[in-house]
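Trainee: The following block contains the structure, expressed as structure tokens.
The values are calculated or read from the model by the stated rules, or taken from the named source; none is laboratory data. None of the values given here were measured: they were computed from a predicted structure. Please note: Cβ atoms are built from the backbone with ideal geometry, for glycine as well, and neighbour counts cover all protein chains shown. Accessible surface is based on the protein model in full, side chains and every heavy atom, while ligands, DNA and RNA are left aside. Shrake-Rupley method; radii C 1.70, N 1.55, O 1.52, S 1.80 Å.
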Amino acid sequence: MESLGNLIKQWPAGKNALQEAGRLMQEVLADPIVQQFWAEHPELDRDMLRVNLNRIYQYAKEQRNCANCPGLDNCPNDFEGHYTILSCEQIGEDIQLQDRKAACHKLIARQSENQIRSRVRSFYVDERALLQGYSADEILTNDLKRSKAVMQVLQYIDRTKEQGLQTKGIYLAGSFGTGKTFLMCYMLHELAKSGYTGAIVYMPEFVEDLKALMHEPGKLKETVELMKETDLLVFDDIGAENLNPWVRDHVMGAILNYRMNRKPTFYTSNYNLDMLERHFSFTNKDGDELHKGQRLMDRVRHYVEVVHVTGHNKRGR
């Protein structure tokens, strides 16, 4: 449906223009959408409708477009994701017809989702894990063998929503491909809806990149500060990284020391806590340093709820 302005430009000049104007007004006023609006506002007379023909035409056109919505990305309305609302206002002794634009529910939903996503940062984790839709029912029924772990994560989410940010996080331990990363992304997404910020960090690549960041102190400090201050921090696949003393003692140690008793930290790993402690205690550079591994583990072990994730390996399916 063309705009009223474009239709008027196509009219012939002179007497025929008046005939076209009359025909167009009859057509607009006969529109069922306009008829319904007029029935709801009997205070409007025909002259008032004629004076506001452009507003009424636009209103009817956009109402019809919305009723047959082709999707937000293909919105045919003049202002994408918006539609015209008409209202009658009494100003003195006169009735005036006013129009305004309102955002449609699909645009509001997209804006809300974008706001949620903006609260969660990803470091080296596939963005698709954060961008896909989530359903608690689907997560529960996808693999019944991991249902106990899923319930524990869901209970943690509910507890945080009801009581506020917890001091303890979750340590998801389990074999490859059981959905540990997915569960943490789900948690971040759900709690972002409540206004919490979050970050998820894939440890093997993060540790490798930290070596390069040693030569960019400004960027290194910014990254470490973000991980200290974010409400929810997830270290994904911890134990799979090629650890060195500097990363362990000066980066991981600093982040975890700051977050203790302040904000929860979460982990996914193929290791249990004892195996992770042995991993922290050995570096290729200095060999075994049991006390340093234990010191870092003191910042992990006492600040997590251990959740064992069982189930089928879903990778490659």
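Trainee: For ALA136, indicate whether it is in contact with a Cys (Cβ under 6 Å, 6 or more places away or on another chain) and at pLDDT below 85.
Mentor: no
Trainee: Answer yes or no: is there a residue in the range 68-80 that is within 34 Å of the chain's Cα centre (by Cα), within 20 Å of PHE37 (Cα to Cα), touching a residue at least 24 places away in the same chain (Cβ under 8 Å) and open to solvent by 30 Å² or more (accessible area, probe 1.4 Å).
Mentor: No: the range 68-80 contains no residue that is within 34 Å of the chain's Cα centre (by Cα), within 20 Å of PHE37 (Cα to Cα), touching a residue at least 24 places away in the same chain (Cβ under 8 Å) and open to solvent by 30 Å² or more (accessible area, probe 1.4 Å).
Trainee: I've got another one for you. For residues that are in contact with a strand residue (DSSP E or B) (Cβ under 9 Å, 6 or more places away or on another chain) and open to solvent by 20 Å² or more (accessible area, probe 1.4 Å), scanning just the range 190-203, find the one that is nearest to ASP237 (Cα to Cα).
Mentor: Filtering the range 190-203 for residues in contact with a strand residue (DSSP E or B) (Cβ under 9 Å, 6 or more places away or on another chain) gives 191-192, 196-203.
Filter once more, so that each one left must be open to solvent by 20 Å² or more (accessible area, probe 1.4 Å): 196-197, 202.
Details: TYR196: 22, THR197: 20, TYR202: 6 Å.
Result: TYR202.
Trainee: Tell me, yes or no, whether the range 119-128 has at least one residue that is touching a residue at least 40 places away in the same chain (Cβ under 8 Å), open to solvent by less than 40 Å² (accessible area, probe 1.4 Å) and either in contact with a Gly (Cβ under 6 Å, 6 or more places away or on another chain) or among the aliphatic types (A, V, I, L, M) (or both). Please lay out each step first, then the result.
Mentor: Pass one, the range 119-128, residues touching a residue at least 40 places away in the same chain (Cβ under 8 Å): 119-125.
Going one step further and asking which of them are open to solvent by less than 40 Å² (accessible area, probe 1.4 Å), we end up with 120, 122-123, 125.
Filter again for either in contact with a Gly (Cβ under 6 Å, 6 or more places away or on another chain) or among the aliphatic types (A, V, I, L, M) (or both), leaving 120, 125.
Yes, that holds for at least one residue.
Trainee: How about the range 246-264: which of its residues are farther than 17 Å from GLU229 by Cα and among the hydrophobic types (A, V, I, L, M, F, W, C)? Reasoning before the result, please.
Mentor: Here is the first cut: in the range 246-264, the ones farther than 17 Å from GLU229 by Cα are 246-249.
Scanning the range 246-264 gives TRP246, VAL247.
Trainee: Give just the number: which of (1) closer than 26 Å to GLY174 by Cβ; (2) open to solvent by 20 Å² or more (accessible area, probe 1.4 Å); (3) over 23 Å from the mean Cα position of the chain (by Cα) does LYS263 not satisfy?
Mentor: In the conditions (1) closer than 26 Å to GLY174 by Cβ; (2) open to solvent by 20 Å² or more (accessible area, probe 1.4 Å); (3) over 23 Å from the mean Cα position of the chain (by Cα), LYS263 misses (3) alone.
Trainee: State all residues of the range 141-153 that are touching a Leu at 6+ places or on another chain (Cβ under 8 Å) and over 11 Å from GLY311 (Cβ atoms); if no residue qualifies, say none. It would help to see each step written out before you state the result.
Mentor: Our first condition is that a residue be touching a Leu at 6+ places or on another chain (Cβ under 8 Å); within the range 141-153, this holds for 147, 149-151, 153.
MET151, VAL153 - these are the residues of the range 141-153 that are touching a Leu at 6+ places or on another chain (Cβ under 8 Å) and over 11 Å from GLY311 (Cβ atoms).
Trainee: If you don't mind, there's one more thing I want to ask. Would the range 81-97 turn up any residue that is closer than 30 Å to LYS193 by Cα, loosely packed, with under 14 Cβ neighbours inside 10 Å, modelled with pLDDT of 90 or more and under 36 Å from the mean Cα position of the chain (by Cα)? Give the derivation first.
Mentor: Kept after step one, since they are closer than 30 Å to LYS193 by Cα, are these residues of the range 81-97: 81-85.
The next check asks that each one be loosely packed, with under 14 Cβ neighbours inside 10 Å; those that pass are 85.
After this cut, where a residue has to be modelled with pLDDT of 90 or more as well, the list is 85.
Restricting the remaining residues to those that are under 36 Å from the mean Cα position of the chain (by Cα) gives 85.
The answer is yes; a qualifying residue exists.
Trainee: Of the conditions (1) crowded, with 16+ Cβ neighbours inside 10 Å; (2) on the phi > 0 side of the Ramachandran plot, GLY164 fails just one. Which one is it?
Mentor: (1)
Trainee: So for the range 209-224 (the condition being assigned to a strand (DSSP E or B) and either of a type in the set (Lys, Arg) or in contact with a strand residue (DSSP E or B) (Cβ under 8 Å, 6 or more places away or on another chain) (or both)), does at least one residue qualify?
Mentor: No, because not a single residue in the range 209-224 is assigned to a strand (DSSP E or B) and either of a type in the set (Lys, Arg) or in contact with a strand residue (DSSP E or B) (Cβ under 8 Å, 6 or more places away or on another chain) (or both).
Trainee: Return a yes/no flag: does the range 164-179 have any residue that is assigned to a helix (DSSP H, G or I) and at pLDDT 90 or above. Don't jump to the end; show me each part of the working.
Mentor: Within the range 164-179, the first condition is being assigned to a helix (DSSP H, G or I), and the residues that meet it are none.
No: the range 164-179 contains no residue that is assigned to a helix (DSSP H, G or I) and at pLDDT 90 or above.
Trainee: Could you check how many residues of the range 266-294 are loosely packed, with under 14 Cβ neighbours inside 10 Å and in a helix (DSSP H, G or I)? Can you show your working first?
Mentor: Taking the range 266-294 and keeping what is loosely packed, with under 14 Cβ neighbours inside 10 Å, we get 274-275, 284-288, 290-291, 294.
With in a helix (DSSP H, G or I) added as a condition, the list becomes 274-275, 290-291, 294.
The total comes to 5.
Trainee: Residues ASP237, ASP231: which one is under 17 Å from TYR124 (Cα atoms) and either touching a Cys at 6+ places or on another chain (Cβ under 6 Å) or open to solvent by 10 Å² or more (accessible area, probe 1.4 Å) (or both)?
Mentor: Numbers: ASP231 fails: under 17 Å from TYR124 (Cα atoms).
Only one candidate passes the filter, namely ASP237.
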